[in-house]
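Contents: one structure, followed by commentary.
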């Protein structure tokens, strides 16, 4: 039967090919078109909604992907915008600290405060992300763009612990800005607000002035404190009639509850050596023209 059908098909194809424009198969072809044409058209119309739905699903998925991508981009840009102020403040702080180092002739290592000391230690300390591998050692001065922060207590390879000047065990030598009188400052152990320091002058007859500034007295070799670092300003003065002495409350310039970028003095040139070096440089300069 299959052979018969195959032979019939070959015969029809041969007749159609040799018949030219007047092929005897044309009536059969026209009849088939009239019968199956509407069926094919109906099938196309029936499948069109299915195809349209598939295209719609694909389009919705693409829109969702685009929305998710745009949302992620917006979140990233918003985060950059919100942190731009912080980045600018940090850059400005580092710039101010570097300028102080250039003016005073000291070598600095900048660092970031990464932890606060535990309350149970009964001391106010912070941890910075610079250590012995950066040249940081114990008894080095730490300050920020506003003023004196404290001194290094101990250091390991990549971190160091800094004792804040507001700690009750901290003692810093200070100098009054107006008359250069010397005194000692002790912390009150408070971090709330800016904290306070108590200044006692070396000469008990000296009475500090409200509003006067206080800077570091300095230590031999710059350890633990180099000279000339701003500490704070005098807020109030108390006089003791019994011993005829005065003490002053000093408001530090540094906000110890918001420490971020700091600098450690890793090398301090003695003032005498610095002056001698500057004098040699002046003598080496050529004198005018010929």
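The values are calculated or read from the model by the stated rules, or taken from the named source; none is laboratory data. Source: prediction; values computed, not measured. Cβ placement follows ideal geometry from the backbone for every residue including glycine, while neighbour counts extend to all protein chains displayed.
Structure data summary
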read-out	value
Given (1) under 30 Å from residue 133 (Cα atoms); (2) not in a strand (DSSP E or B), number of the condition residue 151 does not satisfy	(2)
Those residues of the stretch 126-148 which are more than 23 Å from residue 95 (Cβ to Cβ) and assigned to a helix (DSSP H, G or I), in sequence order	132, 133
Test: residue in the stretch 93-102 that is in a loop (DSSP other than H, G, I, E, B) and either modelled with pLDDT under 95 or within 18 Å of the chain's Cα centre (by Cα) (or both)	no
Scan of the stretch 192-209 for residues that are surrounded by fewer than 17 Cβ atoms within 10 Å (Cβ to Cβ) and within 20 Å of residue 254 (Cβ to Cβ), ordered by number	192, 193, 198
Test: residue in the stretch 168-182 that is buried (at least 23 other Cβ atoms within 10 Å of the Cβ), outside any loop (DSSP other than H, G, I, E, B), touching a helix residue (DSSP H, G or I) at 6+ places or on another chain (Cβ under 9 Å) and not assigned by TED's automatic domain parsing to the domain that holds residue 92	no
Given (1) without any contact (Cβ under 8 Å) to a residue 60 or more places away in the chain; (2) over 25 Å from the mean Cα position of the chain (by Cα); (3) assigned to a loop (DSSP other than H, G, I, E, B), index of the condition residue 186 fails	(3)
Residue match in the stretch 218-232 (condition: at pLDDT 75 or above, buried (at least 19 other Cβ atoms within 10 Å of the Cβ), assigned to a strand (DSSP E or B) and out of contact with any helix residue (DSSP H, G or I) (no Cβ under 9 Å at 6 or more places or on another chain))	yes
Subset of the stretch 191-217 (residues that are assigned to a loop (DSSP other than H, G, I, E, B) and under 30 Å from the mean Cα position of the chain (by Cα))	191, 192, 193, 194, 195, 196
